[in-house]
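Below: one structure, written as structure tokens.
The values are calculated or read from the model by the stated rules, or taken from the named source; none is laboratory data. Treat the numbers as computed from the prediction; the structure is a model and nothing was measured. Here the Cβ positions follow ideal geometry from the backbone for every residue, glycine too, while neighbour counts run over all protein chains shown. The area values use the complete protein model at the heavy-atom level, side chains included, leaving out ligands, DNA and RNA. Shrake-Rupley method; radii C 1.70, N 1.55, O 1.52, S 1.80 Å.
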Amino acid sequence: MNILEIKNFGKTYNNGKQAVENISIEVAAGDIFAFIGHNGAGKSTTIKAVVGVLDFEQGEIYIEGLSIKTNPIDCKSITAYVPDNPDLYEHLTGIQYLNFISDVFGLSSSEREQQIKKYAEAFEIMGNLGDLISSYSHGMKQKIALIGAVIHKPKLLILDEPFVGLDPKAAIVLRNIMKDLCTRGSAVFFSTHVLDVAQKLCNKIAMIHHGKIAINGEMEQLVKEQSLEDLFMEVLENG
């Protein structure tokens, strides 16, 4: 079953610039799907449309069969999104922020306690949850944002450059979380410039180039003998 379906999506801004043109992508349950491309290729525009923070007229986007245009609340209730630079409520402590997120998604006291403990221990920030978010480093803010994204067990996890700012150990923890979610029937769709991680982690990939999909399919079939880096450079050189 497709968790995410992007059908003929396009976005033209008010200045007439077409950021994305007629792209279609399918992300099924169990997929860890890498969305790659050069800066300005259209990755963030697409992701922001998927999560409902950017309006669009061209095409359609479905999450578990529901349109993000006509059923935005239902779509967002089963989706989690972490942007490349998370904007958190810095006047809250870490635990206050995570309890707020738990309230939004209706988690019970026992469930939130279990989930927060599980992920805070994995990211080694259990002892910092009582501190104000304003005192956190960039990496710690990233960890809190990620915990907030996964505590409600989303069906679709959307991440924009998730490995930026994470130390190597935290990056391994995140990769394991992504795999665990997908074994439970969820899907992960994320953009990244860290191509060697994407090659090892993902089973599917789409490459966007100047707003159009250049490559889309199974990682194993597309990469074959070469590396993902080689494939990426080949697309850039031929584009």
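Along the axis of the charge dipole computed for the chain (Cβ charges of +1 for Lys and Arg, -1 for Asp and Glu, origin at the Cα centre), the listed residues 222, 18, 89 are led at the positive end by 89. Beta bridges per DSSP, both residues in the stretch 108-239: antiparallel share near 55 percent. Taking springs between alpha-carbon atoms closer than 10 angstrom, which of 152, 138, 209 fluctuates most in the Gaussian network model of the chain? Between 152, 138, 209, it is 138 that shows the largest mean-square fluctuation. Working from Cα pairs under 8 Å separated by at least six residues, relative contact order for the chain is 28 percent. The mean accessible area for residues of the stretch 41-129, using a 1.4 Å probe and ignoring ligands and nucleic acids, is 51 Å² per residue.
Compute the long axis of helix 138-150 from its Cα atoms, compare it with the longest principal axis of the Cα atoms of the chain, and write down the angle in degrees, 0 to 90, nearest 10. So the helix axis and the longest Cα principal axis differ by about 90 degrees.
Mind ranking 158-164, 17-23 by how tightly packed they are, going by the mean number of other C-beta atoms within 10 angstrom, highest first? Intermediate results must be reported in sequence, preceding the final value.
Working: 158-164: 21.0, 17-23: 17.3.
Ranked by mean Cβ neighbours within 10 Å, highest first: 158-164, 17-23.
Using the average count of surrounding beta-carbon atoms within 10 Å as a protection proxy, the listed peptides 5-14, 76-85, 216-225 rank, highest first, as 76-85, 5-14, 216-225.
Within the chain, all pairs of alpha-carbon atoms sorted by distance into 10 Å bins from zero give the percentages 7, 32, 36, 20, 5, 0. Number of Lys-Lys pairs in the stretch 137-216 with C-alpha atoms under 27 Å apart and a separation of 8 or more places or on different chains: 27.
Taking the C-alpha atoms only, the angle from helix 168-183 to the longest principal axis of the chain is near 80 degrees. Between the Cα long axis of helix 109-122 and the first principal axis of the chain there is an angle of about 70°, rounded to the nearest 10.
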